[in-house]
Each structure stands twice: as C-alpha cells, then as structure tokens.
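The values are calculated or read from the model by the stated rules, or taken from the named source; none is laboratory data. Everything numeric here is computed off the predicted structure, so don't read it as measured data. For neighbour counting, all protein chains shown are included, and Cβ atoms are generated from backbone atoms with ideal geometry for every residue, glycine included.
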Amino acid sequence: MSNHTADLVFDALGEPVRRRILELLHEGPTPVGRLAERLPVGRPAVSKHLRVLSNAGLIEHRSIGTRNLYVLAPGGMAVAQQWLVRTWDTVLAAYAADVSRASQQAAQQQSSPKHP
C-alpha cells in the first residue's frame, strides 16, 4: 500500500458528506439522483463527491441500461483498515514497552536497599 493511496482514502473519508454517501451505499447499488435526494447538497456536488470516492477506490460505477449506479468497491476500505491496524500495532507496542519499563523500574526501586 502506498502512502499516496492511503492519503486519497483518508482525504475522501475526511468529508462528512462522502462518509454519508458510503453509508447510503451500504443499502446497495444507488443512482446519483437517489443519493442527492438523501443528502444536504445538490446533485452536482454529489457527483463531485462520487468522483473523489471513486478515485480513492472506495466506490465503483456501474451502468445498467440507461441507469448509472454506484456501489461500494469490494475491498475499498482495505487501505484504511491496513493503515489503522499498522498504526494501532505500533501504538500498542510502544505502550507495552512503556508499561514494561515502568514495571521494571518499580521492581528495582522496591528491591533496592533504603537509606535513611
């Protein structure tokens, strides 16, 4: 996974309307008009948001007859998931190291002779 791809995904997810579009697409393939009816922005803005989501690999466009439908891309969130797991693993490892270091210091202080 390249940083560029992760940047595209997280930039796309950073906008509340785009996150709402992803939520709506969980219901299944949806035309832009139906999405626009359920969002606080007009159809041209929805089209722009769909383009950003598509460029990030989060959604796909399918033409069925004269209808243009948008669907969630299989594995589209994998980049975000992998980034979060990798980052979380790094944070947890650092936390575990700090806890271990603090425990060792406490044990050493308890075992040291005390001077009056």
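Against the list (1) touching a strand residue (DSSP E or B) at 6+ places or on another chain (Cβ under 7 Å); (2) within 23 Å of His4 (Cα to Cα); (3) hydrophobic (A, V, I, L, M, F, W, C), the condition Ala78 fails is (1).
Between Leu35, Leu69, Leu58, the distinction of being under 13 Å from the mean Cα position of the chain (by Cα) and at pLDDT 95 or above belongs to Leu58 only. Scanning segment 89-111 for residues that are closer than 21 Å to Arg20 by Cα and small (Gly, Ala, Ser) turns up nothing. Sort through Arg67, Arg101 and tell me the only one that's farther than 17 Å from His26 by Cα, of a type in the set (Lys, Arg) and surrounded by 11 or more Cβ atoms within 10 Å (Cβ to Cβ). Testing whether each residue is farther than 17 Å from His26 by Cα, of a type in the set (Lys, Arg) and surrounded by 11 or more Cβ atoms within 10 Å (Cβ to Cβ) leaves just Arg67.
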